[in-house]
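Asks: This is the structure I have questions about; it appears just below.
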């Protein structure tokens, strides 16, 4: 796996993804060796970040390496300089690139011209590192993934896309409830359904939140308006009315269901305080697990000599 890119959670494949989860749990408990001593990760970010930036930076420190943060104002990705040239230059300086971009095509170009691993730290299409941390959290809380059911309530966004694919690969049932026009993109839904057919589980897209949540082991939601969609805010607030995860909706899930949100949360919109701060919420454990999951991914991709 060393030297390869992770632009989609599917790039890990089921075996490597399970390995990431096992390593993350083990090192969370026992600590990690300095596997990346002397190595440097470039954090190339078009979008602002709290969890992604800090968790990658700390993960590299814990692995014995170093991270260099590069904002859009400093680099001008695709504006001041072409994406291809930036990839070529950074490959001469660093051992890996974690890129947080608007367009998936930017990541693909970085990977094409980079000679070091490129990790998707978020794009408009996918958020594989978040999904890995989410699956780690479910595994940690429940001791298994196979046969469990996850209900996602809200926008069929990048997080939902990566979760649908990750759940399908590892044998979890996945259901998403979205308003008309805001569901998972058809190609993602089709890919998730094909992966689910290999593991004997289901992937469902429904319109009513109740249909997704009923009996679920995990209830998940995300903001209705993501970064870059601010001009759609009022339209989205109208479209997602009725998709709030509140105690009434959560009560339809399994009695021991856990609640998840990848943060930041827009309290009073997609989620209420009673749920996110309630006894079923694992939201802040989930946020912590970004560190542990990404540390395992970094070790997997950068911890061996390539060739």
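The values are calculated or read from the model by the stated rules, or taken from the named source; none is laboratory data. All figures in this text were calculated on a predicted structure; none of them were measured in a lab. Here the Cβ is made from the backbone with ideal geometry for all residues, glycine too, and neighbour counts use every protein chain on show.
Asks: Out of (1) assigned to a helix (DSSP H, G or I); (2) not assigned by TED's automatic domain parsing to the domain that holds residue 172, the odd one out for residue 98 is which?
Replies: (1)
Asks: Scan the range 172-195 for residues that are surrounded by fewer than 22 Cβ atoms within 10 Å (Cβ to Cβ), closer than 17 Å to residue 8 by Cβ and in contact with a strand residue (DSSP E or B) (Cβ under 7 Å, 6 or more places away or on another chain) and jot them down.
Replies: 189, 193
Asks: Right, here's the next one. So which residues in the range 77-91 are touching a strand residue (DSSP E or B) at 6+ places or on another chain (Cβ under 9 Å) and within 20 Å of residue 47 (Cβ to Cβ), if there are any at all?
Replies: Restricting attention to the range 77-91, the residues satisfying the condition of being touching a strand residue (DSSP E or B) at 6+ places or on another chain (Cβ under 9 Å) are 77, 83, 86-87, 89-91.
Those that are touching a strand residue (DSSP E or B) at 6+ places or on another chain (Cβ under 9 Å) and within 20 Å of residue 47 (Cβ to Cβ): 77, 83, 86, 87, 90.
Asks: Could you say which residue among 263, 252, 198 is under 20 Å from residue 124 (Cα atoms), out of contact with any strand residue (DSSP E or B) (no Cβ under 8 Å at 6 or more places or on another chain) and surrounded by fewer than 21 Cβ atoms within 10 Å (Cβ to Cβ)? Spell out the reasoning first.
Replies: Numbers: 252 fails: under 20 Å from residue 124 (Cα atoms); 198 fails: under 20 Å from residue 124 (Cα atoms).
Sole residue among the options that is under 20 Å from residue 124 (Cα atoms), out of contact with any strand residue (DSSP E or B) (no Cβ under 8 Å at 6 or more places or on another chain) and surrounded by fewer than 21 Cβ atoms within 10 Å (Cβ to Cβ): 263.
Asks: Let me ask something else. On the phi > 0 side of the Ramachandran plot and either in the same structural domain as residue 137 (by TED's automatic domain parsing) or over 18 Å from the mean Cα position of the chain (by Cα) (or both): is that true of residue 278 in this structure?
Replies: no
Asks: Check off (1) surrounded by fewer than 18 Cβ atoms within 10 Å (Cβ to Cβ); (2) touching a helix residue (DSSP H, G or I) at 6+ places or on another chain (Cβ under 8 Å); (3) in contact (Cβ under 8 Å) with a residue 40 or more places away in the chain for residue 106 and give me the number that stays unchecked.
Replies: All conditions are met except number (1).
Asks: For the range 114-146, name all the residues that are in the same structural domain as residue 89 (by TED's automatic domain parsing) and surrounded by fewer than 18 Cβ atoms within 10 Å (Cβ to Cβ).
Replies: Scanning the range 114-146 gives a single hit, 115.
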